[in-house]
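Novice: Take this structure first; my questions come after.
Here, each number is a calculation from the coordinates, and none is a lab measurement. Since this is a predicted model, take the numbers as computed values, not measurements. Neighbour counts are summed over all protein chains in view; Cβ atoms, including those assigned to glycine, are modelled from backbone coordinates with ideal geometry.
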Amino acid sequence: MLTKKGKYGLKAMVHLAGRPPGEATLVTDIAVSNDIPKKFLDTILGELRNAGFVNSKKGKGGGYTLARPAHEIRVGHIVRVLDGPLAPIQCASKTSYRRCDDCVDEKHCCVRLIMLEARNAIATVLDNRTLAEMRALSESDEAHLMYYI
């Protein structure tokens, strides 16, 4: 499940994707426009900066910008940075795999097998969508949105 941190991070990234390239945006503007608590957003943007998704500049004309063009940033990468692995359980994770303590036969575990399928479906969508596509969805009407589904 996407946490508030992941959701707010995606909203902030979409906001930045809508700005002219190189034009810095204040964290307060992002927070107010997207109804995100500023203090929480400061933390989120710090993590996104450390992961190389955004740049920050202090002082006059400062704020946040995307570190790369929106069409080069995959939604799945953002989610993993903010929320961790996409898998619902660790034994279905590719990046943070850990065998379950109570598992007798992992190869035939029906819970693991269905969670692997769920993880793969989520990864297929998120890893094949860019921030630019997400931004375009936010600007489209519902009929246009159904085209993507």
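Novice: Can you compute the FRET efficiency between Glu139 and Asp102 using 1/(1 + (r/R0)^6), with r the Cβ-Cβ distance and R0 = 41 Å? Round to the nearest 0.05.
Specialist: It comes to 0.30.
Novice: Kindly provide the helix-only [θ] at 222 nm of the chain, computed as the sum of -39,500 (n - 2.57) over DSSP H runs of four or more divided by all residues, to the nearest 500 deg cm²/dmol? Please list the in-between numbers first.
Specialist: Details: 7 runs with 78 residues, N = 149.
Using -39500 (n - 2.57) per qualifying helix, the result is -16000 deg cm²/dmol.
Novice: How much length would be gained if the chain were fully extended between Thr95 and Asp35, taking 0.36 nm per residue of separation minus their Cα-Cα distance, in nm to one decimal?
Specialist: 18.4 nm
Novice: Now, a different point. Output wanted: per-residue J couplings in Hz (rounded whole) for the range 4-20, from phi through Karplus 6.51 cos²θ - 1.76 cosθ + 1.60, θ = phi - 60°, x for Gly and Pro.
Specialist: Running phi through 6.51 cos²θ - 1.76 cosθ + 1.60 with θ = phi - 60° gives 4, 4, x, 5, 5, x, 5, 4, 5, 5, 5, 4, 5, 5, x, 8, x Hz.
Novice: Hey, another quick one. Roughly speaking, what % of Cα-Cα pairs in the range 59-115 are separated by over 17 Å, rounded to a whole number?
Specialist: Percentage above 17 Å: 56.
Novice: Tell me which cysteines of the chain come out unpaired when the rule is another cysteine's Cβ under 4.7 Å.
Specialist: If one checks each Cβ against the other cysteines of the chain, Cys91, Cys109, Cys110 turn up with nothing under 4.7 Å.
Novice: Of Lys4/Lys39; Lys5/Lys60; Lys5/Lys39; Lys5/Lys38, which ones are farther than 19 Å apart at the Cα?
Specialist: Flagged as over cut-off: Lys5/Lys60.
Novice: In what sequence, highest mean first, do 51-57, 35-41, 73-79 appear when ranked by Cβ atoms within 10 angstrom?
Specialist: 73-79, 51-57, 35-41
Novice: Compute the length gained on full extension between Ile114 and Arg74: take 0.36 nm times their separation in residues and subtract their Cα-Cα distance, giving the result in nm to one decimal.
Specialist: 11.9 nm
Novice: Straight distance only, please: which aspartates and glutamates reach the Cα of Lys7 with their own Cα at less than 15 Å, same-chain residues fewer than 8 apart left out?
Specialist: List returned: Asp35, Asp42, Glu47, Asp83.
Novice: A further question on this structure: Taking a cut-off of 22 Å between Cα atoms, list the lysines near Lys107, but don't count ones fewer than 8 places away on the same chain.
Specialist: Lys94
Novice: Please work out the ratio of the alpha-carbon Rg of the chain to 2.2 N^0.38 Å and round it to two decimals.
Specialist: 1.20
Novice: Only Cα pairs under 8 Å and at least 6 apart count here; give the relative contact order of the chain as a rounded whole percent.
Specialist: Reported relative contact order: 25 percent.
Novice: What net charge is computed for the residues neighbouring Ala92, neighbours being all others with C-beta under 12 Å from the C-beta of Ala92, Lys and Arg scored +1, Asp and Glu -1?
Specialist: With Lys, Arg at +1 and Asp, Glu at -1, the net is +3.
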